Amino acid sequence: MNHAVPPPGKAPSRVAALDVLRGIAVLSVLVSHAKLENTSLPWACAQTLNAAARFFSGVDLFFVLSGFLVSGLLLREHQRYGSIHARRFLIRRGLKIYPSFYAFLLTSIAVSWLFQIWPHPTPTNIASEALFVQNYGTPLWSHTWSLAVEEHFYLCLVALLVGLLKIRRGNGVKLIPVIVAFVAVTCLSLRCITAWIIPEFSFHRHLAPSHLRFDSLAFGMLLSYWYHRQPQAVSGLIEGRRFRWAFISFLLLAWCALVPRHTLIGHTIIQTAQYVGHGLLLLLAIADHRVQWIHGTTMGRILQMIGQYSYSVYLWHMGVLVWSRTLISDLMGHVDSYSDLAVLTYAALVIPVGVAAAHLVEIPVLAIRDRFFPSRSDDLRSLATAGSNP
């Protein structure tokens, strides 16, 4: 039997459930950006795929996963040593995120300048991307805003935990539930205030700013706090009521999929419902052993593989999408950038390009990182390998 909670002192080299969820998340992003409704794909098929993408809402799922995983690293470190090595954590996070990101940014600039194709780099949007403020400034790419949200959260998380440990002499982590509740109420209130001040919906103003999205990551941190402090209790709670939690998660995510984001509810209350639904899905995946049979299926193994490369796949997917559309349009002599051939090219290339990029940049850098800046224990290294994502 594959128990969700490993024995004390033991940890799997990877967490299969989290890889599966990352695979689902990145696939939902790939589908949502493909614009299948503009192809000759049968209407019912296109709508079904788009509905599934809206249901899982990949970026929102990534936020909850990242909050769970990254805060879990720090919480486990504190649980084992009674302290947090903030500098080492930030160095390891930086080596996880920055090399791959800057390789993608430099490639984007080079391709745009050499071939005179979109996106068109300017000093302003290059600076916004390079400084990770693209969710407030002018971005070069439309998808990198989520990386900025996560980076801002990591910095705030470290500052928060270090401050709590100093103020409360090692017991500050007990305030996490209260702090998460405060963040949830504050972010929802700020989304409502933003909607009142700026009635006309704009994704960049209503959903991209970090101060409007921290609650998703904070909820993941809350789940991590409970799971790492009382793993058996969490598993018992989930396994004993698995159908109830699954039904609630389904209802919440289905509601989120049906309500358009440009509506008032869509970019305020729906965001709260979204991360609660994803949080329940996350707990079911890691704490209920009866759900874990999926990992051994062919589909489960495929999702795990995609999930292992999800950061690089997510990072490069818009480049593959835009450049393949441009290439196909130029070859076919028309501007129908959403032609069937363009979408097929995108579908065929996006995951191989992401995997190749991971092997060229991400994986070698992580090997160097683990050699010179290893985690403080094998348990922490195994959780870090599971990694965070966009």
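The numbers here are math on the coordinates, done by the rules we state, and not lab data. Keep in mind that what you see is a predicted model, and the values were worked out from it rather than measured. Reconstructed Cβ throughout: ideal geometry from the backbone, glycine too, with neighbour counts over all protein chains shown.
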Helix-only mean residue ellipticity at 222 nm for the chain, each DSSP H run of n ≥ 4 adding -39500 (n - 2.57), per residue, nearest 500: -23500 deg cm²/dmol
Residue span HIS204 to ALA347: 0.36 nm per residue of separation minus Cα-Cα distance leaves a gain in nm of 48.8 nm
Against the longest principal axis of the chain, how steep is helix 43-56, in degrees 0 to 90 to the nearest 10, with axes from Cα atoms? 30 degrees
What's the Cα-based Rg to Rh of segment 70-199, Rh via Kirkwood? 1.08
Largest fluctuation, ILE167, ILE363, ILE24 only, Gaussian network model of the chain with Cα springs under 10 angstrom, belongs to ILE167
So what's the gap between the Cα centers of segment 296-370 and segment 81-121, to the nearest angstrom? 17 Å
With a ≥ b ≥ c the root eigenvalues of the C-alpha gyration tensor of segment 28-90, is it rounded (a/c under 1.5), prolate (a/b larger than b/c) or oblate? prolate
For PHE372 and HIS262, FRET efficiency with R0 = 51 Å and r from the beta-carbon atoms, rounded to 0.05? 0.60
Contact order relative to length for segment 202-281, counting C-alpha pairs under 8 Å separated by 6 or more residues, stands in percent at 38 percent
Within 10 Å of each residue's Cβ, count the other Cβ atoms and sort CYS187, CYS192 from fewest upward. CYS192, CYS187
Under a point-charge model restricted to the Cβ atoms of Lys and Arg (+1) and Asp and Glu (-1), what is the dipole moment magnitude of the chain relative to its Cα centre, in debye to the nearest 20? 1500 debye
Span per principal axis, largest first, for the Cα atoms of segment 279-353 (Å): 54, 21, 19
How much length is gained if the chain between ALA86 and ILE363 is pulled fully straight, taking 0.36 nm per residue apart and subtracting their Cα-Cα distance, in nm to one decimal? 97.4 nm
Please find, in a Gaussian network model of the chain (springs between Cα atoms separated by less than 10 Å), the residue of ALA159, ALA34, ALA44 whose mean-square fluctuation is greatest. ALA44
Expected-Rg normalisation [2.2 N^0.38 Å, Cα atoms] applied to segment 217-272: 1.42
Just to verify a number: FRET efficiency for THR297 and SER189, C-beta to C-beta distance, R0 = 35 Å, to 0.05? 0.25
Put +1 on the Cβ of every Lys and Arg and -1 on every Asp and Glu Cβ in segment 16-386; which of LEU366, GLY319, THR194 then has its Cα farthest towards the positive end of the dipole? LEU366
Considering the chain, what Rg and Dmax in Å follow from its alpha-carbon atoms? 20.7, 68
Sort TRP323, TRP43, TRP118 so the one with the fewest other Cβ atoms within 10 Å of its own Cβ comes first. TRP43, TRP118, TRP323
Fewest-first sequence of ASP60, ASP340 by Cβ atoms within 10 Å of each Cβ: ASP340, ASP60
For TYR98 paired with ALA44, estimate the spin-label separation in nm (one decimal), with each label point 7 Å from Cα along the Cα-to-Cβ line. 5.3 nm
Suppose R0 equals 22 Å. What FRET efficiency, 1/(1 + (r/R0)^6) with r the Cβ-Cβ distance, do ALA273 and GLU37 give to the nearest 0.05? 0.30
Considering just Cα atoms, how many Å³ per residue does the convex hull of segment 266-320 enclose? 118 Å³
